[in-house]
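For reference, the structure discussed in these notes is given below.
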Amino acid sequence: MADTKQIDQIESPGPSRNRRIADAIKRNRARATVLGVLAVLFLAAMAGIEADQWFGTIMKALAAGSVIFLVASGFQLIFGLMDVLNLAHGELFMLGAYVGWTVYTRFDTFLDVLVPMLLVAAPFALLPLWRRLGARVAALARWARSAAWGLIVLGGGLMLLSITKFPLVIWNAEDFAKTPANYSVQIDLGTLVPLPEDVFGWPMAVAIVVLLAGASALALGLSSLRKHAGAVPPLGRWNLIGAAGLIVASVALHLVRGPLNDWVFGMSTTWRFFIALIVASLLGAGLGALIEVVLIRPLYDRPIYTLMVTLGVGFVIIETVKELWGSSNFTMARPAAFNGSGEGCPAEGIGGFFSGCSTLVVFGSRLRVYNEGFVVVIGILVLIGVSLLLKRTRIGMTIRAGVQDPEMVEALGINVRRVFTMVFALGAGLAAFGGVLAAPSIGLYTEMGALFLLTAIVALAIGGLTSFPGVAAGALLIGLLQQIIIRFGQTGIHIPFVAEPFKPSPTLVPAASIILMIVILLVLPAGLFGRGER
Amino acid sequence: MSLLDLHDVHTFIGKFHILEGVSVEVPQGSVVALLGRNGAGKTTTLKTILGLTPASSGRVVFDGDDIVEMRSFDIAAMGIGYVPEHRAIFADLSVEENLRIAERRKGDLERREELIFGLFPDLKRLIGLPGTSLSGGQQQMLAVARALVPENRLLLIDEPSEGLAPVLIEQMIEAIARLSDTTTVLLVEQNFLVASRLGTTYVIIEEGRSVKTGDMTDLVDDDETIQRYLGV
Ligand SMILES: Nc1ncnc2c1ncn2[C@@H]1O[C@H](COP(=O)(O)OP(=O)(O)OP(=O)(O)O)[C@@H](O)[C@H]1O
Ligand SMILES: [Mg+2]
């Protein structure tokens with residue numbers, strides 16, 4: 001309030017001040033009306049639901065909204081800040097779920113894959129070297145681009161060739177009897193999946209050297225794509241220590257992976273779940289950064305192309321997942337902390353969680369602690385966390401400024417592109433995180449990405465594409481709509497003069513949310529909290 | 001030796017040949033006024049120095065280094081501050097954040113606080129407000145203040161008096177004169193009275209070429225040149 005007082009003392013920036021105030025009132029009147037109507041509809045719907053189901057319906061709506069929000073938030077960050085519609089976003093969500101499932105259910109496979117990954121990362125620790133050599137390649141003038149891409153293809157080829165010689169347990173036809181669905185059951189029962197034998201296709205040393213060579217060629221190729229070398233930092237001691245450390249870590253990991261797997265398997269699944277969350281988010285963020293640098297960055301001026309490219313990336317991810325995991329749908333067991341049952345369950349009241357129940361009866365509604373509790377809490381924490389990141393940190397400040405005027409931010413000496421890459425990584429990381437979080441309650445299937453992205457986009461349009469809190473509002477609204485329809489599907493709506501109560505089926509949800517979106521957009525073209533076209 | 005030296009610089013924007021040979025010398029400690037009619041290429045010259053519209057040929061030497069090939073943020077980080085035409089205040093940032101974002105090292109703002117609020121005492125009182133709730137004059141001061149947050153060796157200032165009331169113009173002249181005691185300035189200014197009071201030397205640009213240069217004191221008495229290149 002103190003602020004408004006001060007604003008009055010400042011001379012107004014234009015003659016149209018009264019007009020702007022009038023506009024603001026008008027805009028907010030429309031918004032207030034819409035919010036009012038939504039509130040009345042909500043109360044009307046609640047009146048049709050028995051009182052003991054209120055709490056449950058609202059919590060379920062929050063839970064559904066929370067997952068939608070996790071998908072929509074990353075998508076909104078990338079779109080709102082960079083004007084890029086990342087159509088692969090849903091697939092990053094889906095990939096996150098699959099990767100999270102793997103770390104959670106098949107930790108041994110995660111360790112298997114980590115061994116070559118550390119080797120691939122090792123040459124990248126020597127970045128100053130590649131950049132210096134890259135400048136030489138770039139000096140080839142006419143042949144520079146072909147040489148760079150040649151190196152990238154060569155590197156990729158060598159890596160692919162040698163990775164297949166590493167002992168990776170990725171499901172193949174012979175393993176069919178042990179499908180992912182089977183592993184899920186075994187984990188649920190707490191039985192250890194026997195480790196397969198690990199045999200290198202080539203002598204171990206050869207596989208390692210070829211992989212290192214491939215990764216080096218890739219790093220050099222990528223470095224030579226840069227137009228301006230800029231100031232290259234010298235190749236320091238830490239670069240060498242980093243590279244050597246990664247190689248040693250990789251070999252060491254390979255040697256101890258058996259005992260390490262047993263040890264991790266002995267831990268509570270809750271811990272493994274958190275490891276899965278972290279690994280999948282980091283992987284999602286890394287993949288997001290890679291997509292931005294390699295595919296989006298050259299296309300900023302051509303939005304249609306970015307659309308096509310991200311769509312293509314989405315399909316590649318779907319096919320890769322089908323190939324590696326098999327196309328079967330499967331489930332992920334809830335972590336131990338949320339999987340308690342037994343004597344006295346479902347318990348009455350929230351306190352029941354601490355006596356080890358995973359299902360509680362609160363205010364007459366039966367709720368699952370994971371689905372309707374944990375997921376909601378995490379969704380709210382992400383909302384608060386990202387808002388604080390944008391509002392309170394230097395990187396957030398740079399992002400907000402960079403959206404408006406990247407040129408000016410650059411003129412202040414800030415590498416705007418790196419900031420945008422970080423935004424992309426953050427958005428993709430959030431998607432993957434959401435995937436892992438949602439997997440225990442919604443299961444895994446390759447179409448989940450497209451489905452949730454569509455819902456997320458509807459939620460975004462409702463909340464306002466330009467507003468981060470608007471995303472949460474839109475997601476919540478869709479969640480409510482979905483749960484209310486499901487509830488009325490069970491009880492039915494009594495329509496006057498019609499004998500049979502109308503029972504909406506859950507398949508009406510997508511159509512209903514799109515109708516809600518259209519109605520809201522007709523009244524508020526920028527959505528509930530959007531700020532109009534930029 | 002000059003702090004900044006542009007030699008026969010050519011710049012394309014898209015396929016338009018905008019600068020067709022600009023040479024500007026900015027000696028250490030001077031205030032060089034870049035003059036010329038609307039659309040002559042003054043703003044483009046500043047943007048070319050910063051690499052925002054990179055030169056296609058010619059040399060841009062800052063403190064002995066050729067910076068033509070460098071990326072904008074690396075150029076700026078060498079110690080060049082930019083006050084763009086039309087201010088470019090960040091709307092989503094508060095006044096303090098608009099200053100804070102220019103920090104190159106943590107605490108720059110605190111170190112330079114005395115200087116900045118000494119020149120623009122008004123800003124201190126406005127520090128918590130959103131950047132765009134300021135008036136035009138206040139935004140202009142904020143834009144100059146922002147360029148002062150890190151210790152820059154060269155300031156590129158584009159039309160600081162544009163759209164300001166006479167009182168504010170006087171305040172702006174005062175401020176630039178005071179900061180030019182410690183910093184070298186390349187100033188674009190349409191208002192000849194302002195330019196003549198601040199500049200030590202001048203460069204006239206016409207249709208993308210630098211056509212005349214000399215001491216400001218000589219130009220003030222040279223009605224013919226003023227009429228020919230700057231008159232309306
Ligand atoms: N993005 C652009 N595309 C095409 N032409 C441009 C672009 N930007 C500037 N120009 C042209 O380049 C010329 C020089 O522009 P510049 O902004 O440098 O002029 P100026 O001397 O700063 O003018 P003013 O005094 O009006 O600010 C003008 O003729 C302008 O029309
Ligand atoms: Mg200009």
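The values are calculated or read from the model by the stated rules, or taken from the named source; none is laboratory data. Being a predicted model, the structure only gives us computed values, none of them experimental. Cβ atoms come from the backbone with ideal geometry, glycine included; neighbour counts cover every protein chain shown. Remember, those area values only see protein heavy atoms, side chains included, never the ligands or the DNA or RNA. Shrake-Rupley method; radii C 1.70, N 1.55, O 1.52, S 1.80 Å.
Working from label points 7 Å from Cα in the Cα-to-Cβ sense, the A:LEU154 to A:MET204 distance is 2.9 nm.
State the percentage of accessible surface on the stretch A:107-281 attributable to carbon and sulfur atoms; use a 1.4 Å probe and exclude ligands, DNA and RNA. Intermediate values should be presented prior to the final figure.
Details: 6800 of 9350 Å².
Carbon-and-sulfur percentage of accessible area, whole number: 73.
Per-peptide packing, taken as the mean over residues of other Cβ atoms within 10 Å, places A:430-442, A:271-283 in the sequence A:430-442, A:271-283 from highest down. With a threshold of 29 Å on the Cα-Cα distance, the over-threshold entries among A:LYS322/A:LYS503; B:LYS15/B:LYS42; A:LYS26/B:LYS124; A:LYS322/A:LYS391 are A:LYS322/A:LYS503; A:LYS26/B:LYS124; A:LYS322/A:LYS391.
If you wrap the tightest convex hull around every Cα atom of the stretch A:107-281 and split its volume per residue, you get 145 Å³.
Counting only the Cα atoms, the stretch A:93-146 fills a convex hull of 121 Å³ per residue. Computed with every protein chain present, the accessible area of B:LYS212 is close to 70 Å² [probe 1.4 Å].
Ballpark to the nearest 100 Å², how much total accessible area do A and B bury together, probe 1.4 Å? Write out the running numbers ahead of the final one.
On the way: alone 27800 and 11120 Å², together 36190 Å².
Answer for the A-B pair: about 2700 Å² buried.
Considering every residue in B:125-133, what mean count of other chain Cβ atoms within 10 Å of its Cβ is obtained?
The mean count of partner-chain Cβ atoms within 10 Å per residue comes to 3.
Quick one: go through the stretch A:445-481 and flag any residue whose amide nitrogen is under 17 Å from the point 7 Å out along the Cα-to-Cβ line of B:THR132. Counting backbone N atoms under 17 Å from the label point, the list is A:465-468. Expressed as a whole percent, the accessible surface of the stretch B:88-146 that belongs to carbon and sulfur atoms is 50, based on a 1.4 Å probe. Between A:SER146 and A:THR164, the contour length at 0.36 nm per residue exceeds the Cα-Cα span by 3.8 nm. How large is the accessible surface per residue of chain A, computed with a 1.4 Å probe and reported in Å² as a whole number? Solvent-accessible surface per residue comes out at 49 Å². Here A:THR331 sits with roughly 90 square angstrom of accessible surface, probe radius 1.4 Å. Across peptide A:397-403, the mean count of Cβ atoms from other chains lying within 10 Å of each residue's own Cβ comes to 5. In the assembled protein chains, B:ARG209 presents an accessible area of approximately 110 Å² (probe radius 1.4 Å).
Counting, for every residue in B:139-152, the Cβ atoms of other protein chains within 10 Å of its Cβ and taking the mean gives 1. A cut-off under 13 angstrom between Cβ atoms defines the neighbours of A:GLY364, and their net charge, with Lys, Arg +1 and Asp, Glu -1, is -2.
Summarising the overall dimensions of the protein assembly as shown from its C-alpha atoms, the Rg and Dmax are 31.1, 102 angstrom. Give me the percent of DSSP beta bridges within the stretch B:92-216 that run antiparallel, rounded to the nearest 5. Taking every DSSP beta bridge within the stretch B:92-216, about 60 percent pair in antiparallel fashion. Report the relative contact order of chain A, percent, no decimals, based on alpha-carbon pairs under 8 angstrom and at least 6 residues apart. Value for chain A: 29 percent.
The stretch A:44-81 and the stretch B:24-92 have Cα centres separated by 51 Å.
Where both residues lie in the protein assembly as shown, what percent of DSSP beta bridges are antiparallel, nearest 5? Antiparallel: roughly 60 percent of the beta bridges in the protein assembly as shown. In chain A, helical runs assigned H by DSSP with n ≥ 4 each contribute -39500 (n - 2.57); averaged across all residues and rounded to the nearest 500, the mean residue ellipticity at 222 nm is -23000 deg cm²/dmol. Calculate for chain B the 222 nm mean residue ellipticity that helices alone would give, adding -39,500 (n - 2.57) per DSSP H run of length 4 or more and normalising by residue count, nearest 500 deg cm²/dmol. The per-residue figure over chain B is -9500 deg cm²/dmol. The fraction of Cα-Cα pairs per 10 angstrom bin, counted from 0 for the stretch B:171-232, comes to 19, 54, 24, 2 percent, rounded to whole percents.
Evaluated with a Cβ-only charge set (Lys, Arg +1; Asp, Glu -1), the stretch A:107-281 carries a dipole of roughly 1320 debye about its Cα centre, given to the nearest 20.
Mind giving me the FRET efficiency for A:ASN329 and A:ASP188? R0 is 22 Å, r the Cβ-Cβ distance, nearest 0.05 is fine. Here the calculated transfer efficiency is 0.85. Evaluated on the stretch B:88-146, the Kirkwood hydrodynamic radius is 11.2 Å, with distances taken between all distinct Cα atoms. Over all other residues within a Cβ to Cβ distance under 12 Å of B:GLY81, the charged ones net out to +1, with Lys and Arg as +1 and Asp and Glu as -1.
How big, in percent, is the set of alpha carbon pairs in the stretch A:30-169 lying more than 21 Å apart? So the portion of pairs separated by more than 21 Å is 72 percent.
Computed over protein heavy atoms with a 1.4 Å probe, the accessible surface of chain B works out to 42 Å² per residue.
Counted without the sites themselves, the longest stretch of chain A free of GluC sites (Glu not before Pro) in a DSSP loop having at most 14 other beta carbon atoms within 10 Å is A:51-196. Here the calculated FRET efficiency for A:LEU311 and A:ILE515, from their Cβ-Cβ distance with R0 = 25 Å, stands at 0.45, rounded to the nearest 0.05.
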